[in-house]
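**Student:** Could you have a look at this structure, given as C-alpha cells, before my questions?
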Amino acid sequence: MLFESGLSRRRAREILLQGAQSQALSLFWQAGPAFLAQQLELSPDETTRLHAAHANWQQFEQRFQQERSQGLHTLRLNQPAFPGTLLRFLPAEQRPLLLFARGDLALLELPRILPLAAPPDARAEAWALETLATLATDGALPLFAARAGLDARGIQTFLQAELPFALVIPQGLGAYQPPAGLQAAINAGRALLLSPFQPTWQPPARQENPMLVHADAFARALAHAWLALGAPAAPPAAGQVCLCAPEAAPLPHCPRPYENPEALFLALTEAASAPPTNHATSKPAPPPDLPPLSPEEILQTLAQGGKIPAALAARLQPKP
C-alpha cells in the first residue's frame with residue numbers, strides 16, 4: 001500500500017493511519033482494484049493508478065519475496081520490535097511507517113548512542129572512538145550514519161575490532177550492496193543496517209543525495225543518547241540524553257559532560273523509562289493491530305461491494 005499501490009505516499013499514509021486492518025486491506029486488494037478503490041473512496045485518478053499497479057502486482061510480489069529471502073527485514077510502526085525511540089523522539093508526522101533492516105534485529109534491544117562530529121580534531125575523535133568501543137564492550141550499541149568523517153572512521157575501527165554497531169543507510173537497502181567486510185560483519189551478527197527508505201530507492205547518480213538530511217534526522221531520533229564533539233545543530237528531544245567530551249566547554253543544547261560508562265548506562269535507563277512528551281505525540285499514534293476479522297465478517301464486508309471472486313470466496317468459506 002505504501003510503496004506499490006500507485007497512490008501518493010501521503011495518500012497511502014493517510015489510509016494506513018486511519019486504522020484499517022491490514023488483513024482487510026489485503027483481502028480487498030485480492031478482490032480487485034475496483035473494489036479496493038470503492039472501499040477507500042479513491043478519486044478517478046487514484047483508481048487509474050491503482051489499476052496500473054495491480055497489473056504489475058505479480059512482479060512486485062516476486063521482488064518482495066526475493067528481498068525477504070536475501071535477509072531484508074521489515075518492521076511496521078505498530079509492531080513491538082519497532083524502535084520506541086522513533087515514537088518518542090520524532091513528531092508523529094515524521095515517523096516512518098516501515099523500517100527496513102539487514103542483520104540481527106536483537107541488536108535493537110541494546111541502548112543506542114550516536115556520535116555527533118565537530119570540525120576535524122584528531123584527539124577528540126580518538127577519544128570518541130575509544131569511548132564508543134568501551135560502551136560497545138559493556139553492552140551499548142554505537143550508531144553510525146553512512147557518511148565521511150568520524151562515522152566512516154568509526155565503522156572501519158569497529159569492523160577491525162569486531163565490535164557490534166548499527167549503521168543508517170541513506171538509500172533503500174534492497175538497492176544497497178554492502179562492501180565485503182561489512183557484509184561479513186552482518187553475517188556474523190555484529191552489524192545491523194537500518195533504513196526508513198523504500199528498498200528500491202537509490203539517490204541520483206550525479207548530485208548530492210537529497211535524503212541525507214532525513215537520514216540524519218532519523219539517526220538522531222533512533223538513538224537513546226548523543227555523544228557530541230561539537231554543538232548539535234538542534235536540541236535533543238525531551239528525555240533524550242546528550243553528553244559532551246569531559247574536557248570540552250559546555251555546548252549549547254548539550255551541557256552535560258560524559259563521565260564514565262556506568263553514568264551513561266544510568267542516563268540511558270532514565271531515558272528509556274521516561275514518559276512520552278507532548279512534542280513527540282503531537283498527533284495520535286496509529287492504533288495497534290486489531291483482532292483479525294472472522295471469515296464470515298470478511299465475506300459480509302466484501303459482499304457489500306458487489307461480486308466476490310470465486311477463488312477468494314472459496315478460500316474464506318468456513319472449513320467443515
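Read the figures in this text as sums done on the coordinates, not as results from a lab. Everything numeric here is computed off the predicted structure, so don't read it as measured data. All Cβ positions, glycine included, derive from the backbone under ideal geometry; neighbour counts span all protein chains shown.
**Student:** Distance between Cα centroids, the range 36-75 to the range 99-137: provide it in whole Å.
**Tutor:** 36
**Student:** Between the range 77-93 and the range 146-177, how far is it from one alpha carbon centroid to the other, in angstrom?
**Tutor:** So the two Cα centres are separated by 22 Å.
**Student:** Among 193-201, 54-62, 242-250, 40-48, how do they line up by average Cβ neighbours within 10 Å per residue, starting with the highest? All intermediate terms of the calculation are to be shown ahead of the outcome.
**Tutor:** Values: 193-201: 21.4, 54-62: 12.2, 242-250: 16.0, 40-48: 14.1.
In descending order of packing, they fall as 193-201, 242-250, 40-48, 54-62.
**Student:** Here's something else I'd like to know. If you line up the Cα atoms of the range 123-223 on their principal axes, what length do they span on each, largest first, in Å?
**Tutor:** Principal axes ranked by extent give 37, 29, 23 Å for the Cα atoms.
**Student:** On average, how much area does the Cα convex hull of the range 79-273 cover when viewed from any direction, in nm²?
**Tutor:** Details: hull surface 43.3 nm².
The directionally averaged projection comes out at 10.8 nm².
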